[in-house]
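Only one structure is covered here, and it is reproduced in the block below.
The values are calculated or read from the model by the stated rules, or taken from the named source; none is laboratory data. As the structure is a prediction and not an experimental result, all values here were calculated from the model. With ideal geometry, Cβ positions are generated from the backbone for all residues, glycine too; neighbour counts draw on all protein chains shown. Ligands, DNA and RNA are stripped out before the accessible areas are found, and what is left, the full protein with its side chains, is counted by its heavy atoms. Shrake-Rupley method; radii C 1.70, N 1.55, O 1.52, S 1.80 Å.
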Amino acid sequence: MVNRKFTVLFLLLGGCTILAACGGGSGSNPGPGYDSSSGSSSSSSSSGSSSSGGISVSLTFENLYALAEFPIGVSVSAANEPYSIMQGEWSEAQRQVIEQHFSSITPGNIMKMSYLQPVQGQFTFENADALVNYALSRGIGVHAHTLVWHSDYQVPDWMKNFNGDKDAWLQIIEDHVAGVASHFAGRVDSWDVVNEAFEDSGYRDSLFYQKMGADYIETAFVAARAADAGADLYYNDYSISSQQPKLDHVLAMVDDFKERDVPIDGIGFQMHIHMGSPSIANIKASLQKVVDRGLKVKITELDIPINNPFDGSYSYPDNYQAVLTPELAEQQKLRFCEVVAAYLEVVPTHLRGGITVWGLFDRDTWLKQAFFDNNHEEWPLLFNHDLEPKPAAQGVGDALMGEECL
Ligand code: G3I
(Lines give C-alpha, C1' and ligand atoms only; values in the text may rest on other atoms or scores of the structure.)
Protein backbone atom coordinates (compact mmCIF):
# COMPACT_ATOMS: atom_id res chain seq x y z
CA MET A 1 0.00 0.00 0.00
CA VAL A 2 1.10 3.51 -0.76
CA ASN A 3 2.22 5.49 2.28
CA ARG A 4 0.48 8.84 2.17
CA LYS A 5 2.58 10.33 4.88
CA PHE A 6 5.66 10.63 2.72
CA THR A 7 4.16 12.06 -0.40
CA VAL A 8 6.16 15.08 -1.41
CA LEU A 9 3.59 16.30 -3.90
CA PHE A 10 1.00 16.37 -1.20
CA LEU A 11 3.15 18.64 0.89
CA LEU A 12 3.40 21.03 -2.02
CA LEU A 13 -0.32 21.01 -2.68
CA GLY A 14 -1.61 20.61 0.82
CA GLY A 15 -1.74 22.67 3.95
CA CYS A 16 -3.49 25.98 4.13
CA THR A 17 -2.94 26.85 0.50
CA ILE A 18 -6.19 24.96 0.24
CA LEU A 19 -8.64 27.58 1.30
CA ALA A 20 -11.69 25.38 1.34
CA ALA A 21 -10.28 22.94 3.81
CA CYS A 22 -8.78 25.61 6.04
CA GLY A 23 -12.00 27.43 6.67
CA GLY A 24 -11.25 30.34 4.35
CA GLY A 25 -12.83 29.31 1.05
CA SER A 26 -15.42 31.37 -0.76
CA GLY A 27 -17.02 28.83 -3.07
CA SER A 28 -20.19 29.13 -5.10
CA ASN A 29 -23.83 29.35 -4.19
CA PRO A 30 -25.23 26.73 -1.90
CA GLY A 31 -27.72 24.30 -3.31
CA PRO A 32 -31.49 24.62 -2.95
CA GLY A 33 -32.71 24.13 0.57
CA TYR A 34 -29.26 24.64 1.96
CA ASP A 35 -29.04 27.06 4.83
CA SER A 36 -26.43 29.55 3.78
CA SER A 37 -27.37 31.82 6.67
CA SER A 38 -26.78 29.29 9.39
CA GLY A 39 -23.19 30.48 9.52
CA SER A 40 -20.78 29.03 11.98
CA SER A 41 -21.08 25.81 13.85
CA SER A 42 -21.65 25.78 17.55
CA SER A 43 -19.00 23.10 17.81
CA SER A 44 -16.88 23.53 20.88
CA SER A 45 -14.02 21.78 19.13
CA SER A 46 -13.99 24.12 16.16
CA SER A 47 -11.88 27.20 16.03
CA GLY A 48 -13.64 29.13 13.32
CA SER A 49 -16.10 28.97 10.51
CA SER A 50 -16.84 29.97 6.98
CA SER A 51 -20.27 31.17 6.01
CA SER A 52 -20.37 30.66 2.27
CA GLY A 53 -21.56 27.08 2.08
CA GLY A 54 -23.61 26.71 5.22
CA ILE A 55 -22.16 25.15 8.31
CA SER A 56 -18.43 24.68 8.39
CA VAL A 57 -15.66 24.51 10.94
CA SER A 58 -11.96 25.08 11.09
CA LEU A 59 -10.49 21.71 11.84
CA THR A 60 -8.13 21.23 14.74
CA PHE A 61 -5.90 19.07 12.53
CA GLU A 62 -4.28 19.53 9.17
CA ASN A 63 -4.74 16.14 7.52
CA LEU A 64 -7.42 13.65 8.46
CA TYR A 65 -5.55 10.67 7.05
CA ALA A 66 -2.48 11.46 9.15
CA LEU A 67 -4.48 10.74 12.31
CA ALA A 68 -4.85 7.06 11.41
CA GLU A 69 -2.53 4.14 10.82
CA PHE A 70 -5.04 2.65 8.40
CA PRO A 71 -6.59 3.96 5.15
CA ILE A 72 -8.96 6.89 5.45
CA GLY A 73 -10.91 6.76 2.21
CA VAL A 74 -13.50 8.53 0.15
CA SER A 75 -15.55 7.37 -2.81
CA VAL A 76 -15.34 9.61 -5.84
CA SER A 77 -17.17 10.32 -9.04
CA ALA A 78 -14.92 10.15 -12.09
CA ALA A 79 -14.84 10.03 -15.90
CA ASN A 80 -17.78 12.14 -17.15
CA GLU A 81 -20.01 11.60 -14.13
CA PRO A 82 -21.55 14.63 -12.48
CA TYR A 83 -19.04 16.06 -9.97
CA SER A 84 -16.22 14.04 -11.48
CA ILE A 85 -12.85 14.58 -9.86
CA MET A 86 -11.19 14.09 -13.24
CA GLN A 87 -12.91 16.80 -15.27
CA GLY A 88 -15.34 19.65 -14.93
CA GLU A 89 -15.85 22.61 -12.66
CA TRP A 90 -15.60 20.83 -9.29
CA SER A 91 -12.71 18.53 -10.17
CA GLU A 92 -9.69 20.52 -9.09
CA ALA A 93 -11.20 21.77 -5.84
CA GLN A 94 -12.26 18.23 -4.96
CA ARG A 95 -8.82 16.85 -5.69
CA GLN A 96 -7.26 19.39 -3.36
CA VAL A 97 -9.48 18.32 -0.47
CA ILE A 98 -8.93 14.64 -1.25
CA GLU A 99 -5.17 15.08 -1.32
CA GLN A 100 -5.24 16.94 1.96
CA HIS A 101 -7.42 14.58 3.92
CA PHE A 102 -7.60 11.10 2.42
CA SER A 103 -5.14 8.25 1.93
CA SER A 104 -7.46 6.06 -0.16
CA ILE A 105 -10.10 6.49 -2.83
CA THR A 106 -12.84 4.20 -4.06
CA PRO A 107 -14.37 4.70 -7.49
CA GLY A 108 -18.06 5.12 -6.71
CA ASN A 109 -19.18 3.77 -10.06
CA ILE A 110 -16.66 3.53 -12.84
CA MET A 111 -15.17 0.15 -11.97
CA LYS A 112 -18.50 -1.67 -11.93
CA MET A 113 -19.15 -4.45 -14.43
CA SER A 114 -21.09 -2.51 -17.06
CA TYR A 115 -18.37 0.12 -17.31
CA LEU A 116 -15.41 -2.24 -17.54
CA GLN A 117 -16.83 -4.93 -19.83
CA PRO A 118 -19.66 -3.33 -21.82
CA VAL A 119 -19.26 -5.89 -24.60
CA GLN A 120 -18.34 -9.49 -23.88
CA GLY A 121 -14.58 -9.88 -24.04
CA GLN A 122 -13.98 -6.17 -24.61
CA PHE A 123 -12.68 -4.43 -21.53
CA THR A 124 -12.65 -0.64 -21.33
CA PHE A 125 -10.11 0.46 -18.78
CA GLU A 126 -9.32 4.01 -19.89
CA ASN A 127 -11.38 5.90 -17.32
CA ALA A 128 -10.50 3.59 -14.44
CA ASP A 129 -6.83 3.67 -15.40
CA ALA A 130 -6.86 7.44 -15.40
CA LEU A 131 -8.38 7.50 -11.92
CA VAL A 132 -6.09 4.84 -10.47
CA ASN A 133 -3.03 6.48 -12.02
CA TYR A 134 -4.07 9.84 -10.59
CA ALA A 135 -4.40 8.32 -7.13
CA LEU A 136 -1.06 6.56 -7.32
CA SER A 137 0.67 9.69 -8.58
CA ARG A 138 -0.44 11.41 -5.37
CA GLY A 139 0.49 8.55 -3.07
CA ILE A 140 -3.18 7.70 -2.51
CA GLY A 141 -4.22 4.05 -2.36
CA VAL A 142 -7.22 2.54 -4.14
CA HIS A 143 -9.94 0.34 -2.70
CA ALA A 144 -11.57 -0.90 -5.88
CA HIS A 145 -15.32 -1.39 -6.19
CA THR A 146 -16.71 -3.79 -7.33
CA LEU A 147 -15.97 -6.96 -9.30
CA VAL A 148 -19.39 -8.61 -9.07
CA TRP A 149 -22.67 -6.87 -8.28
CA HIS A 150 -26.07 -8.13 -9.36
CA SER A 151 -27.68 -4.66 -9.45
CA ASP A 152 -29.58 -4.31 -12.70
CA TYR A 153 -27.98 -1.06 -13.73
CA GLN A 154 -24.50 -2.48 -13.22
CA VAL A 155 -24.90 -5.72 -15.15
CA PRO A 156 -24.00 -5.20 -18.81
CA ASP A 157 -26.79 -5.94 -21.27
CA TRP A 158 -24.84 -8.74 -22.94
CA MET A 159 -24.62 -10.48 -19.57
CA LYS A 160 -28.31 -9.99 -18.83
CA ASN A 161 -29.11 -11.60 -22.17
CA PHE A 162 -26.53 -14.35 -21.88
CA ASN A 163 -27.83 -17.81 -22.67
CA GLY A 164 -25.81 -20.60 -21.16
CA ASP A 165 -25.82 -23.29 -18.54
CA LYS A 166 -24.42 -22.87 -15.04
CA ASP A 167 -20.86 -23.68 -16.10
CA ALA A 168 -21.00 -21.15 -18.90
CA TRP A 169 -22.25 -18.51 -16.46
CA LEU A 170 -19.52 -19.31 -13.97
CA GLN A 171 -17.03 -18.93 -16.80
CA ILE A 172 -18.19 -15.41 -17.63
CA ILE A 173 -17.93 -14.44 -13.97
CA GLU A 174 -14.45 -15.92 -13.80
CA ASP A 175 -13.45 -14.17 -17.04
CA HIS A 176 -14.70 -10.82 -15.83
CA VAL A 177 -12.96 -11.06 -12.48
CA ALA A 178 -9.74 -12.37 -14.00
CA GLY A 179 -9.72 -9.73 -16.74
CA VAL A 180 -10.33 -6.83 -14.38
CA ALA A 181 -8.33 -7.91 -11.33
CA SER A 182 -5.28 -8.86 -13.39
CA HIS A 183 -5.36 -5.52 -15.19
CA PHE A 184 -5.19 -3.61 -11.91
CA ALA A 185 -2.95 -6.10 -10.06
CA GLY A 186 -0.27 -4.33 -8.08
CA ARG A 187 -2.03 -0.98 -8.40
CA VAL A 188 -5.00 -1.39 -6.07
CA ASP A 189 -4.84 -2.28 -2.38
CA SER A 190 -8.09 -4.17 -2.13
CA TRP A 191 -11.29 -5.19 -3.89
CA ASP A 192 -14.93 -5.44 -3.05
CA VAL A 193 -15.07 -8.79 -4.80
CA VAL A 194 -18.77 -9.46 -4.41
CA ASN A 195 -21.31 -6.85 -3.40
CA GLU A 196 -24.72 -7.32 -1.76
CA ALA A 197 -25.28 -11.04 -2.36
CA PHE A 198 -27.45 -11.56 0.72
CA GLU A 199 -30.79 -10.55 2.14
CA ASP A 200 -32.15 -11.15 5.63
CA SER A 201 -33.71 -14.35 4.33
CA GLY A 202 -30.44 -15.74 2.94
CA TYR A 203 -28.88 -15.58 -0.51
CA ARG A 204 -30.35 -12.79 -2.60
CA ASP A 205 -32.45 -14.11 -5.45
CA SER A 206 -30.48 -12.14 -8.05
CA LEU A 207 -29.91 -12.92 -11.70
CA PHE A 208 -26.56 -14.41 -10.71
CA TYR A 209 -28.06 -16.59 -8.00
CA GLN A 210 -30.76 -17.78 -10.35
CA LYS A 211 -28.18 -18.79 -12.94
CA MET A 212 -25.43 -20.17 -10.70
CA GLY A 213 -26.72 -20.61 -7.18
CA ALA A 214 -24.24 -19.38 -4.57
CA ASP A 215 -21.26 -20.74 -6.51
CA TYR A 216 -20.65 -17.47 -8.34
CA ILE A 217 -19.43 -15.91 -5.09
CA GLU A 218 -16.75 -18.52 -4.52
CA THR A 219 -15.76 -18.43 -8.18
CA ALA A 220 -15.26 -14.68 -7.96
CA PHE A 221 -13.07 -14.86 -4.86
CA VAL A 222 -10.92 -17.66 -6.25
CA ALA A 223 -10.46 -15.82 -9.56
CA ALA A 224 -9.64 -12.56 -7.79
CA ARG A 225 -6.91 -14.15 -5.69
CA ALA A 226 -5.47 -15.91 -8.74
CA ALA A 227 -5.38 -12.63 -10.66
CA ASP A 228 -3.99 -10.46 -7.88
CA ALA A 229 -2.36 -12.28 -5.00
CA GLY A 230 -1.49 -9.00 -3.29
CA ALA A 231 -4.88 -7.35 -2.96
CA ASP A 232 -7.11 -7.80 0.07
CA LEU A 233 -10.39 -9.39 -0.93
CA TYR A 234 -13.60 -8.22 0.71
CA TYR A 235 -17.21 -9.30 0.71
CA ASN A 236 -19.22 -6.05 0.93
CA ASP A 237 -22.81 -5.45 2.04
CA TYR A 238 -25.24 -3.03 3.67
CA SER A 239 -27.46 -3.52 6.74
CA ILE A 240 -25.01 -5.88 8.38
CA SER A 241 -24.27 -3.68 11.39
CA SER A 242 -27.71 -3.86 12.94
CA GLN A 243 -27.73 -7.41 14.30
CA GLN A 244 -30.26 -8.53 11.73
CA PRO A 245 -30.10 -12.03 10.20
CA LYS A 246 -28.18 -10.88 7.12
CA LEU A 247 -24.81 -10.72 8.86
CA ASP A 248 -25.24 -14.27 10.13
CA HIS A 249 -25.77 -15.47 6.57
CA VAL A 250 -22.62 -13.65 5.50
CA LEU A 251 -20.70 -15.20 8.40
CA ALA A 252 -21.94 -18.68 7.55
CA MET A 253 -20.46 -18.17 4.09
CA VAL A 254 -17.22 -16.91 5.62
CA ASP A 255 -16.98 -19.92 7.92
CA ASP A 256 -17.55 -22.23 4.98
CA PHE A 257 -14.93 -20.39 2.92
CA LYS A 258 -12.37 -20.63 5.69
CA GLU A 259 -13.05 -24.31 6.19
CA ARG A 260 -12.49 -24.99 2.51
CA ASP A 261 -9.63 -22.49 1.98
CA VAL A 262 -11.61 -20.26 -0.32
CA PRO A 263 -9.74 -16.96 -0.20
CA ILE A 264 -11.32 -14.03 1.63
CA ASP A 265 -9.57 -11.36 3.69
CA GLY A 266 -12.31 -9.24 5.11
CA ILE A 267 -15.84 -7.98 5.34
CA GLY A 268 -16.86 -4.57 4.08
CA PHE A 269 -19.52 -2.92 6.20
CA GLN A 270 -21.10 -0.37 3.89
CA MET A 271 -22.61 1.56 6.83
CA HIS A 272 -25.22 3.61 5.03
CA ILE A 273 -26.63 4.27 8.45
CA HIS A 274 -28.89 6.82 10.08
CA MET A 275 -28.68 9.30 12.92
CA GLY A 276 -30.63 7.05 15.25
CA SER A 277 -29.94 3.55 13.99
CA PRO A 278 -28.36 1.13 14.28
CA SER A 279 -27.27 1.56 17.87
CA ILE A 280 -23.58 1.82 18.63
CA ALA A 281 -23.96 -1.36 20.69
CA ASN A 282 -25.27 -3.21 17.65
CA ILE A 283 -22.53 -1.80 15.43
CA LYS A 284 -19.89 -2.98 17.91
CA ALA A 285 -21.43 -6.42 18.26
CA SER A 286 -21.54 -6.80 14.48
CA LEU A 287 -17.93 -5.75 13.96
CA GLN A 288 -16.91 -8.07 16.77
CA LYS A 289 -18.35 -11.11 15.00
CA VAL A 290 -16.03 -10.50 12.07
CA VAL A 291 -13.05 -9.77 14.31
CA ASP A 292 -13.71 -13.05 16.12
CA ARG A 293 -13.14 -14.85 12.83
CA GLY A 294 -9.80 -13.15 12.29
CA LEU A 295 -11.00 -11.29 9.22
CA LYS A 296 -10.29 -7.68 8.37
CA VAL A 297 -13.04 -5.14 8.91
CA LYS A 298 -13.45 -2.26 6.54
CA ILE A 299 -16.11 0.42 6.74
CA THR A 300 -16.57 0.90 3.03
CA GLU A 301 -19.42 3.33 2.36
CA LEU A 302 -20.06 5.39 5.47
CA ASP A 303 -22.61 8.18 5.28
CA ILE A 304 -25.04 9.51 7.85
CA PRO A 305 -27.97 11.46 6.41
CA ILE A 306 -29.95 13.94 8.45
CA ASN A 307 -33.25 12.74 7.06
CA ASN A 308 -34.53 9.19 7.32
CA PRO A 309 -37.49 8.61 5.01
CA PHE A 310 -37.93 5.08 6.35
CA ASP A 311 -38.37 5.17 10.10
CA GLY A 312 -40.50 8.19 10.87
CA SER A 313 -37.93 9.91 13.05
CA TYR A 314 -37.27 12.48 10.35
CA SER A 315 -40.10 11.34 8.14
CA TYR A 316 -40.40 12.54 4.59
CA PRO A 317 -42.20 14.62 3.53
CA ASP A 318 -44.06 15.72 6.67
CA ASN A 319 -41.06 16.13 8.87
CA TYR A 320 -38.36 16.71 6.27
CA GLN A 321 -35.37 18.58 7.66
CA ALA A 322 -34.96 21.17 4.93
CA VAL A 323 -32.10 22.90 6.69
CA LEU A 324 -28.95 21.56 8.23
CA THR A 325 -29.19 23.42 11.51
CA PRO A 326 -26.18 23.84 13.79
CA GLU A 327 -27.91 21.50 16.25
CA LEU A 328 -28.32 18.76 13.65
CA ALA A 329 -24.76 19.27 12.45
CA GLU A 330 -23.57 18.74 16.03
CA GLN A 331 -25.65 15.58 16.36
CA GLN A 332 -24.14 14.34 13.13
CA LYS A 333 -20.65 15.13 14.38
CA LEU A 334 -21.30 13.10 17.52
CA ARG A 335 -22.65 10.21 15.47
CA PHE A 336 -19.64 10.11 13.11
CA CYS A 337 -17.33 10.29 16.11
CA GLU A 338 -19.07 7.46 17.92
CA VAL A 339 -19.02 5.21 14.86
CA VAL A 340 -15.30 5.72 14.33
CA ALA A 341 -14.64 5.28 18.06
CA ALA A 342 -16.58 2.01 17.97
CA TYR A 343 -14.42 0.81 15.08
CA LEU A 344 -11.25 1.66 16.98
CA GLU A 345 -12.51 0.01 20.14
CA VAL A 346 -13.56 -3.28 18.56
CA VAL A 347 -11.20 -3.82 15.64
CA PRO A 348 -7.58 -4.56 16.59
CA THR A 349 -4.86 -2.77 14.67
CA HIS A 350 -3.92 -5.70 12.45
CA LEU A 351 -7.51 -6.18 11.28
CA ARG A 352 -8.25 -2.54 10.43
CA GLY A 353 -8.88 -2.38 6.71
CA GLY A 354 -9.83 1.26 6.94
CA ILE A 355 -12.76 3.63 6.90
CA THR A 356 -14.19 5.09 3.70
CA VAL A 357 -16.95 7.69 3.42
CA TRP A 358 -19.34 7.38 0.48
CA GLY A 359 -18.78 10.67 -1.28
CA LEU A 360 -16.64 13.71 -0.65
CA PHE A 361 -19.14 16.53 -0.29
CA ASP A 362 -22.85 16.90 0.26
CA ARG A 363 -23.36 18.27 -3.22
CA ASP A 364 -22.48 14.82 -4.63
CA THR A 365 -24.30 12.42 -2.32
CA TRP A 366 -26.22 9.54 -3.89
CA LEU A 367 -28.90 10.02 -1.21
CA LYS A 368 -30.42 13.10 -2.82
CA GLN A 369 -31.43 10.79 -5.66
CA ALA A 370 -32.18 7.75 -3.55
CA PHE A 371 -34.23 9.54 -0.92
CA PHE A 372 -35.71 12.52 -2.72
CA ASP A 373 -35.40 12.00 -6.47
CA ASN A 374 -33.07 14.99 -6.48
CA ASN A 375 -35.87 17.29 -5.31
CA HIS A 376 -34.39 17.94 -1.88
CA GLU A 377 -31.03 18.39 -0.26
CA GLU A 378 -29.31 15.97 2.08
CA TRP A 379 -26.13 16.41 4.15
CA PRO A 380 -24.66 13.00 4.97
CA LEU A 381 -20.94 13.65 4.39
CA LEU A 382 -17.89 15.34 5.94
CA PHE A 383 -17.62 18.34 3.61
CA ASN A 384 -20.32 20.82 2.74
CA HIS A 385 -21.58 22.00 -0.64
CA ASP A 386 -18.60 24.32 -0.96
CA LEU A 387 -16.09 21.65 0.09
CA GLU A 388 -15.59 23.19 3.51
CA PRO A 389 -15.21 20.79 6.45
CA LYS A 390 -18.32 20.25 8.53
CA PRO A 391 -18.47 19.43 12.22
CA ALA A 392 -18.80 15.79 11.05
CA ALA A 393 -15.20 15.93 9.79
CA GLN A 394 -14.07 17.17 13.18
CA GLY A 395 -16.03 14.34 14.75
CA VAL A 396 -14.12 11.74 12.73
CA GLY A 397 -10.86 13.46 13.63
CA ASP A 398 -11.77 13.59 17.31
CA ALA A 399 -12.32 9.84 17.36
CA LEU A 400 -9.07 9.17 15.51
CA MET A 401 -7.20 11.41 17.97
CA GLY A 402 -8.70 9.48 20.86
CA GLU A 403 -10.65 12.45 22.13
CA GLU A 404 -14.02 12.24 23.75
CA CYS A 405 -16.96 12.38 21.34
CA LEU A 406 -18.88 15.59 22.01
O1 G3I B 1 -23.33 9.50 -15.28
C2 G3I B 1 -24.72 9.61 -15.57
C3 G3I B 1 -25.02 11.02 -16.04
O4 G3I B 1 -24.36 11.25 -17.26
C5 G3I B 1 -26.52 11.19 -16.21
O6 G3I B 1 -26.79 12.53 -16.49
C7 G3I B 1 -27.24 10.82 -14.92
C8 G3I B 1 -28.75 10.90 -15.10
O9 G3I B 1 -29.43 9.99 -14.28
O10 G3I B 1 -26.90 9.49 -14.57
C11 G3I B 1 -25.51 9.33 -14.31
O12 G3I B 1 -25.25 8.01 -13.92
C13 G3I B 1 -25.64 7.71 -12.59
C14 G3I B 1 -24.40 7.29 -11.82
O15 G3I B 1 -24.77 6.91 -10.51
C16 G3I B 1 -23.39 8.42 -11.71
O17 G3I B 1 -23.89 9.50 -11.03
C18 G3I B 1 -26.64 6.58 -12.60
O19 G3I B 1 -27.85 7.00 -13.23
C20 G3I B 1 -26.92 6.12 -11.18
O21 G3I B 1 -27.74 4.95 -11.23
C22 G3I B 1 -25.64 5.79 -10.47
O23 G3I B 1 -25.97 5.50 -9.12
C24 G3I B 1 -24.96 4.88 -8.36
C25 G3I B 1 -25.50 3.59 -7.75
O26 G3I B 1 -24.52 3.02 -6.90
C27 G3I B 1 -25.85 2.57 -8.80
O28 G3I B 1 -24.71 2.11 -9.44
C29 G3I B 1 -24.54 5.85 -7.26
O30 G3I B 1 -23.88 6.97 -7.83
C31 G3I B 1 -23.57 5.12 -6.32
O32 G3I B 1 -23.29 5.97 -5.23
C33 G3I B 1 -24.22 3.85 -5.82
O34 G3I B 1 -23.28 3.21 -5.00
C35 G3I B 1 -23.74 2.02 -4.35
C36 G3I B 1 -22.56 1.10 -4.24
O37 G3I B 1 -22.03 0.84 -5.50
C38 G3I B 1 -22.94 -0.19 -3.54
N39 G3I B 1 -23.53 0.07 -2.26
C40 G3I B 1 -24.67 1.00 -2.28
C41 G3I B 1 -24.26 2.31 -2.92
C42 G3I B 1 -25.40 3.29 -2.90
O43 G3I B 1 -26.46 2.81 -3.69
For the stretch 209-289, what does the equivalent ellipsoid look like in terms of its semi-axes, each the square root of 5 times an eigenvalue of the Cα gyration tensor, given largest first in whole Å? 26, 14, 12
Length gained when the stretch THR325-ASP215 is fully extended (0.36 nm per residue, less Cα-Cα span): 34.8 nm
Contour minus Cα-Cα span, GLU62 to ARG293, at 0.36 nm per residue, comes to 79.6 nm
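For LEU400, what charge total do you get from the other residues with a beta carbon under 12 Å from its beta carbon, if Lys and Arg give +1 and Asp and Glu give -1?
So the environment of LEU400 carries a net charge of -2.
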So, with a 1.4 angstrom probe, what is the percent of accessible area on the stretch 121-272 that is carbon and sulfur? 44 percent
Limiting things to C-alpha atoms, what are the Rg and the maximum Cα-Cα separation (Dmax) for the stretch 272-404, in angstroms? 15.0, 46
Quick check: from the Cα gyration tensor, does the stretch 156-303 come out rounded (a/c under 1.5), prolate or oblate? prolate
What number, in percent, do you get for the relative contact order of the stretch 273-391 if the mean sequence gap of Cα pairs under 8 Å and at least 6 apart is divided by its residue count? 32 percent
What shape does the stretch 157-213 have by the C-alpha gyration tensor, where a ≥ b ≥ c are the square roots of the eigenvalues, rounded means a/c under 1.5, and otherwise prolate means a/b greater than b/c and oblate the rest? oblate
Can you figure out the FRET efficiency of PHE162 with THR124, using R₀ = 22 Å and their beta-carbon distance, to the nearest 0.05? 0.75
With every protein chain kept in place and ligands, DNA and RNA left out, what is the accessible area per residue of the stretch 319-395? Probe 1.4 Å, answer in Å². 28 Å²
Prolate/oblate/rounded call for the stretch 67-157, Cα gyration tensor, a/c under 1.5 rounded: prolate
Length gained if HIS350 through SER91 is fully extended, taking 0.36 nm per residue and subtracting the Cα-Cα distance, is 89.8 nm
On the full set of protein chains, 1.4 Å probe, figure out the accessible area of PHE257 and give it in Å² to the nearest 10. 10 Å²
